[in-house]
């Protein structure tokens, strides 16, 4: 994959990258990542597709060399760019996950999918409230070298960074990834690109405000040293509507103005419309409006996953329009925030 660094807007952290794969599919960032939801069609708009591969403990006993390949084929978007996320259930330790023979065959998958980003596998055990988050970086460092040794191309491996870690551990973990040999060199302006997956574990951005602020600061800091930290926000919670207020600020979308290049979906649980007797009352998902960057009540009965896909599509179109004009007007993202006082105030709360 060829990566070109175009530039960034001052005052805020809005960066512009261009990706190009072997099939000459072009993608401009920042952009949203769309996860396939059952029967909900993938919108015909530029996006990066999220591919989630769950490895269960029962899979560990299987000797089928092709256990992962069919899953990748079904979930990925052919000829385009995907973010492939390997993770395990809470009952699987990271050391066991990285020893699992199909993950050990990552070199094979990386050669097949070397125009895609592949995340360092992680365990959902990391997300448990009682788990010591400060121990995660040490555990990753302990087993990372064994994992990375199985890969042929390290440029598209995404380092796993938990947003719920202590902020000082985040910087140390990023330093570790920079020294590990992952990443690539961007074209045009020469920077070392380090892809990082920032795990928000389904929570609202503000729950980890300090970590997000630190990530914003680190992006600017490392850029001065010739290192571009490419952030992929994984599993960000979508703000929920309630009776009061009637609308909520699209804080997940606003990560695009805080240095995040890709923002993933919040992984709404698919509801089977036919099983009405099991149908839970879904939390209402608002509809994104470009004029104020808020989610507004829809007034109809769309499935949460369907509405989120509609929102991601609108946000992609909007960000893509900014990117097209970015070369001639690098201050455009800042000017767009100036038009929306609530959004600007929110961004400033992280920067100041």
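The values are calculated or read from the model by the stated rules, or taken from the named source; none is laboratory data. Everything quoted here is computed from the prediction, not taken from an experiment. Cβ: placed from backbone, ideal geometry, glycine included. Neighbour counts: every protein chain shown.
Conditions (1) touching a helix residue (DSSP H, G or I) at 6+ places or on another chain (Cβ under 8 Å); (2) farther than 15 Å from residue 34 by Cα; (3) at pLDDT below 90, marked per residue:
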{"site": "281", "(1), (2), (3)": "no, yes, yes"}
{"site": "287", "(1), (2), (3)": "yes, yes, no"}
{"site": "291", "(1), (2), (3)": "no, yes, no"}
{"site": "296", "(1), (2), (3)": "no, yes, no"}
{"site": "299", "(1), (2), (3)": "no, yes, yes"}
{"site": "304", "(1), (2), (3)": "no, no, yes"}
{"site": "308", "(1), (2), (3)": "no, no, yes"}
{"site": "316", "(1), (2), (3)": "no, no, no"}
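Within segment 199-247, the set of residues being crowded, with 17+ Cβ neighbours inside 10 Å and closer than 17 Å to residue 344 by Cα comprises 205, 212, 216. Per the conditions (1) closer than 21 Å to residue 118 by Cβ; (2) touching a helix residue (DSSP H, G or I) at 6+ places or on another chain (Cβ under 9 Å), the sole criterion not satisfied by residue 211 is (1). Regarding residue 176, is this residue touching a residue at least 40 places away in the same chain (Cβ under 8 Å), touching a helix residue (DSSP H, G or I) at 6+ places or on another chain (Cβ under 9 Å) and more than 30 Å from residue 327 (Cβ to Cβ)? Criteria not met by residue 176. Residue count for segment 160-178 satisfying the condition of being touching a strand residue (DSSP E or B) at 6+ places or on another chain (Cβ under 7 Å), surrounded by fewer than 23 Cβ atoms within 10 Å (Cβ to Cβ) and either in a strand (DSSP E or B) or at pLDDT below 90 (or both): 0.
This table checks each residue for (1) assigned to a loop (DSSP other than H, G, I, E, B); (2) out of contact with any strand residue (DSSP E or B) (no Cβ under 6 Å at 6 or more places or on another chain); (3) at pLDDT below 95.
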residue	(1), (2), (3)
215	no, yes, no
220	no, yes, yes
225	yes, yes, yes
229	no, no, no
232	no, no, no
237	yes, yes, yes
240	yes, yes, yes
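Looking only at residues in segment 179-206 that are touching a helix residue (DSSP H, G or I) at 6+ places or on another chain (Cβ under 7 Å) and assigned to a helix (DSSP H, G or I), the one that is nearest to residue 228 (Cα to Cα) is 180. Looking only at residues in segment 318-352 that are surrounded by 16 or more Cβ atoms within 10 Å (Cβ to Cβ) and part of a loop (DSSP other than H, G, I, E, B), the one that is modelled with the lowest pLDDT is 330. Examine segment 120-140 for a residue that is within 27 Å of residue 186 (Cα to Cα), modelled with pLDDT of 90 or more and in a loop (DSSP other than H, G, I, E, B), and state whether such a residue exists. Checked against the condition, which is being within 27 Å of residue 186 (Cα to Cα), modelled with pLDDT of 90 or more and in a loop (DSSP other than H, G, I, E, B), segment 120-140 yields no hits at all.
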